[in-house]
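The values are calculated or read from the model by the stated rules, or taken from the named source; none is laboratory data. Note that this is a predicted model, so its numbers are computed, not measured. Cβ placement follows ideal geometry from the backbone for every residue including glycine, while neighbour counts extend to all protein chains displayed.
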Amino acid sequence: MSITDIINWSNENSGLLALLIFVATSSVGTVVWICGILKNKGKNKPKLLVSVIEQPTMCSSFDIGRSNENLHMTAFLIYLKIRNDGEIPVQIDDIHLGYKSESDECTDSWYWLKDETILLEDYTAPIGEKIKVYPFLKQKNNLIDNKIHTYLSPGEYVKGLVYFEQAASTGKNYPYMEPDYKVQTIIVVHDSKGNKWSVEHRVIKVQIEPIRKICPSFGLTRQSCED
């Protein structure tokens, strides 16, 4: 085929050539678009990293002492660090706590505390000659001017106490304490976009008396509301 034949064929089939060029460029554009989606998959999503700070994290079970009902309760104080490790801002929402129970019905599952409780006073601890006031995550402190900061931009983190009280119980739904005086727990943090982020942590279980020397209202929020 001569150059003249090629030119004549191209002129006679210009529409077909335009269509082929369009299909080719569209295919390339589609491939680039799909590669972009795959490359960015998982990005632009929230990602919270949740960790538990050992001190002053703890829990305690104690008798309420009402009549002869053998009522008891359990309270948890958890010091959390939550970091936004994603690429978009996100709001911390509800926080739930589960623990392994003494109850035969809950041995292999989590017993859940889904309502955070207001602690009636700041939690403090002596450090040398000074008193350290631990900030709450979601409630205002009285002794320090803490700011409630639960809306986290990428890279931001916040530390604070969350507190839970179990409702009065007559059964064995108090935490199972392992030989080293620790309780297996799981803390689940929900965000405003419907995601859940969790961490498991073994929490030290202590007697109520030494706690109340530091924080006299520990474990008494529910009772004070009912009285």
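Summary table
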read-out	value
Cross-chain or 6+ apart pairs with Cβ under 6 Å, segment 125-146 first and under 18 Å from ILE82 (Cβ atoms), then modelled with pLDDT of 90 or more and surrounded by fewer than 17 Cβ atoms within 10 Å (Cβ to Cβ)	GLN139/ILE118
Pair list, Cβ < 7 Å and 6+ apart or interchain, from segment 198-227 residues that are within 12 Å of PHE62 (Cα to Cα) to residues that are charged (D, E, K, R) and surrounded by 15 or more Cβ atoms within 10 Å (Cβ to Cβ)	LYS205/LYS182; PHE218/ARG212; GLY219/GLU165
Where LEU38 falls short, out of the listed (1) aliphatic (A, V, I, L, M); (2) modelled with pLDDT of 60 or more; (3) surrounded by fewer than 10 Cβ atoms within 10 Å (Cβ to Cβ)	(2)
Selection within segment 122-137 - surrounded by 15 or more Cβ atoms within 10 Å (Cβ to Cβ) and either polar (S, T, N, Q) or part of a loop (DSSP other than H, G, I, E, B) (or both)	ASP122, TYR123, THR124, TYR134, PRO135, LEU137
Residue in segment 147-160 that is within 30 Å of GLU102 (Cβ to Cβ) and in contact with a Ser or Thr (Cβ under 7 Å, 6 or more places away or on another chain) present	no
Candidates PRO210, PRO154, filtered to the one that is surrounded by fewer than 20 Cβ atoms within 10 Å (Cβ to Cβ) and in a helix (DSSP H, G or I)	PRO210
Scope segment 162-207; condition in a strand (DSSP E or B), charged (D, E, K, R) and in contact with a helix residue (DSSP H, G or I) (Cβ under 9 Å, 6 or more places away or on another chain); matching residues	GLU165
